[in-house]
1. For segment 18-58, give me each residue that is out of contact with any helix residue (DSSP H, G or I) (no Cβ under 6 Å at 6 or more places or on another chain), β-branched (Val, Ile, Thr) and buried (at least 18 other Cβ atoms within 10 Å of the Cβ).
2. Conditions: (1) surrounded by 19 or more Cβ atoms within 10 Å (Cβ to Cβ); (2) more than 20 Å from residue 66 (Cβ to Cβ); (3) touching a Lys or Arg at 6+ places or on another chain (Cβ under 6 Å). Residue 228 meets all but one. Number of the miss?
3. I'm trying to understand the selection: among the residues of segment 160-177, which are in contact (Cβ under 8 Å) with a residue 12 or more places away in the chain and either away from the ligand (no atom under 13 Å from the Cβ) or acidic (Asp, Glu) (or both)?
4. Report the residue count in segment 28-86 for those that are in a helix (DSSP H, G or I), within 18 Å of the chain's Cα centre (by Cα) and either at pLDDT below 85 or within 23 Å of residue 165 (Cβ to Cβ) (or both).
5. Just to be sure I understand, how many residues within segment 5-22 are within 11 Å of residue 66 (Cα to Cα) and of a type in the set (D, E, K, R)?
6. Which residue pairs have Cβ atoms closer than 6 Å, lie 6 or more positions apart in sequence or on different chains, and pair a first residue in segment 267-294 that is more than 21 Å from residue 311 (Cβ to Cβ) with a second residue that is at pLDDT 95 or above and in a loop (DSSP other than H, G, I, E, B)?
7. Quick test of your reading of the structure: residue 64 fulfils all but one of (1) farther than 24 Å from residue 124 by Cα; (2) in contact with a helix residue (DSSP H, G or I) (Cβ under 8 Å, 6 or more places away or on another chain). Name the failing condition by number.
Amino acid sequence: MQKKTEKAKKTWFERAIFLSWYCSKGDCKFCYMSIQKDRIKDPKKARRRKEAILAEVIISKVCGWKVEFLSGGYDSYSVPELVAITKDIHKITGQKQWLNVGVLKKETIRRFMPHIEGVCGAVECINPKVRKEVCPSKPIQPIIRMFRDAEKLGLKKAMTIIIGIGETEKDIPSLVKFIEENKIDRITFYALNPHRGTIFRKGPATGYYTKWIKEIRKNCPTLQIIAGSWVNRLSEIHLLLEAGADAITKFPAINLFGTRYAKRIESEAKRAGREFTGTLTRMPDIDWNKEVDKLGFDENLSKNMKIKLLDYINQMKK
Ligand code: SF4
């Protein structure tokens, strides 16, 4: 009798779509925005151009990368502007989006429906003392309120957490409790990537980072777990997947498309016994202009998107 081959579990790459370099809080001690804030006087000038954002979403779709969430600092866009961008991204991907743009009130969240699957709370750290020091202007209670409001609206809830900013393993049970109490559907873990100009110098050790993921997977079997990597941490990806991560994020996939770094992600997935869906290495052979035309955006936006797409594709081909 022919032996039934077991299907490999899938894994994939998720790309956060970054909207702006401005954040009115600007004082989270690990954050790149905290270094930028004083340099950016006009928040509007810190925004990415719409055609660049949408071109990046087209590339993500074609390459099989899932949009992780739409991410921007506090007060970088007005609500109507954000709603319009979310609607366009929904149109391109055919998928409802996750919003990670700060704490939103219930009435505001309602304005994004039916284009969102859920909201993401930037919890970052579960230890209250460390959190207060590291994110002084981002209290946890409003995030919890947003989760409750999202639930009342029938939306899902996600959160982000950064490992290596002063918490310890003793905080793991608090994270499990938080996930259970707030009925979190998905979590993104990041290993601290210290930015020059911040107080941090070193990211967490691999064993420590994977322990968090492993424990959360063990205690929260149905939670979707996304794990952040970085160019200098790619060799740990198989361990993150083996620990229970579903997918990988935080890799400059356009700039490093097709490079040995991108190949490493795909081979790390294989090493963990996973089937990698999508591609970080094979340039899709399609008519990119047609991808824009079929969306039916106005002429000027379509023209600018095509220019930007060409620019990104040239970067990917380098
Ligand atoms: S609120 Fe978010 S974007 Fe703003 S400084 Fe803190 S981590 Fe950075």
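The values are calculated or read from the model by the stated rules, or taken from the named source; none is laboratory data. On a predicted model such as this, the values are computed, not experimentally measured, just so you know. All Cβ positions, glycine included, derive from the backbone under ideal geometry; neighbour counts span all protein chains shown.
1. Selection gives 53 alone.
2. (2)
3. Step one: filter segment 160-177 for residues in contact (Cβ under 8 Å) with a residue 12 or more places away in the chain, giving 160-169, 171-172, 174-176.
Selection gives 163, 164, 166, 167, 168, 169, 171, 172, 174, 175, 176.
4. Count: 2.
5. Within segment 5-22, residues that are within 11 Å of residue 66 (Cα to Cα) and of a type in the set (D, E, K, R) number 2.
6. Partner pairs satisfying both residue conditions: 277/12; 277/64; 278/12; 278/64; 278/65.
7. (2)
Residues checked against (1) within 16 Å of the ligand (Cβ to nearest atom); (2) in contact with a strand residue (DSSP E or B) (Cβ under 9 Å, 6 or more places away or on another chain); (3) under 26 Å from residue 27 (Cβ atoms); (4) among the small types (Gly, Ala, Ser):
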position	(1), (2), (3), (4)
85	no, yes, yes, no
88	no, no, no, no
93	no, yes, no, no
98	yes, yes, yes, no
101	yes, yes, yes, no
114	no, no, no, no
119	yes, yes, yes, no
123	yes, yes, yes, no
126	yes, yes, yes, no
